[in-house]
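A short reminder: the numbers here are calculations on the coordinates, not readings from a lab. Everything quoted here is computed from the prediction, not taken from an experiment. As a convention, Cβ positions derive from the backbone with ideal geometry for all residues, glycine included, and neighbour counts pool all protein chains shown.
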C-alpha cells in the first residue's frame, strides 16, 4: 500500500523472498521506490520536473500548527517529516507528495509549513529578515520569497512567507509581534501604510489608520 510504503524506510537492497510473493514496501519494484534516492539527497527534490500518475489520496494531514499526521497519529520522527516535505508540491487541485513514479494527495489545513524563527540583520530599508521553518529550511524574505498578510479568524492579521513553489509558511504569532516591532510607515498610492522592509522590498501589513487593530 502507498501509505504503508511512505511510513517505512526504503531498504538499501532488495531482500530475497519466496517466488510469487509480493514485494516488500520500499523494494525496487515498489511504486514509491523513488523515495530511497530522495532520502540520500539533501534539500528539496525537483518535484516541479516530475509528472507521474496521480494515485489517489492517503490519510496524511498537515495540521494548522505544522504537525504532520498519518492515519490520525502524529509523525514523531523529524527526519521523516523533512523527507515528506522535500517531495511536497501544490498542484492546482490539491497538495501532493511526488516521486518520479507516483503522486498522492494529502490534506493541508492551513499552510504546509510553519515559520518558527526570525533573524534580523540591519535596520530600516536595509534590513534583511530570514525565516526558519519547522522543517529546518531558511528563506530570506524578499521579492522572490515575499511576505503577505491575510485576515485572521479573530479580525487580526496572519503573516505568510513563500518558501518554494507555491508552498507558504504561516509565521507563528509570537514572530508576528517582531514584524510589527520592526515595521514602519510608508506612503503608497496616497495612503500611509504600515509594513516591514526586507532586502529592499516593502511588505505592507495594513493602513496606518488600522494599525491599532493589528494585535
Förster radius 25 Å - calculated FRET efficiency between residue 154 and residue 184 (Cβ-Cβ, nearest 0.05): 0.50
Where labels lie 7 Å past Cα in the beta-carbon direction, separation of residue 144 and residue 63 in nm: 3.4
Backbone N under 14 Å from the residue 49 label point (7 Å along Cα→Cβ), restricted to the stretch 88-108: 99-101
Packing-based exposure ordering (other Cβ within 10 Å, fewest first) of 160, 177: 177, 160
Residue 117/residue 192 FRET efficiency (R0 45 Å; Cβ-Cβ; nearest 0.05): 0.90
Separation of alpha-carbon centers, the stretch 185-201 and the stretch 109-137, rounded to whole Å: 19
Square roots of 5 times each gyration tensor eigenvalue, C-alpha, the stretch 101-215, largest first, Å: 25, 17, 13
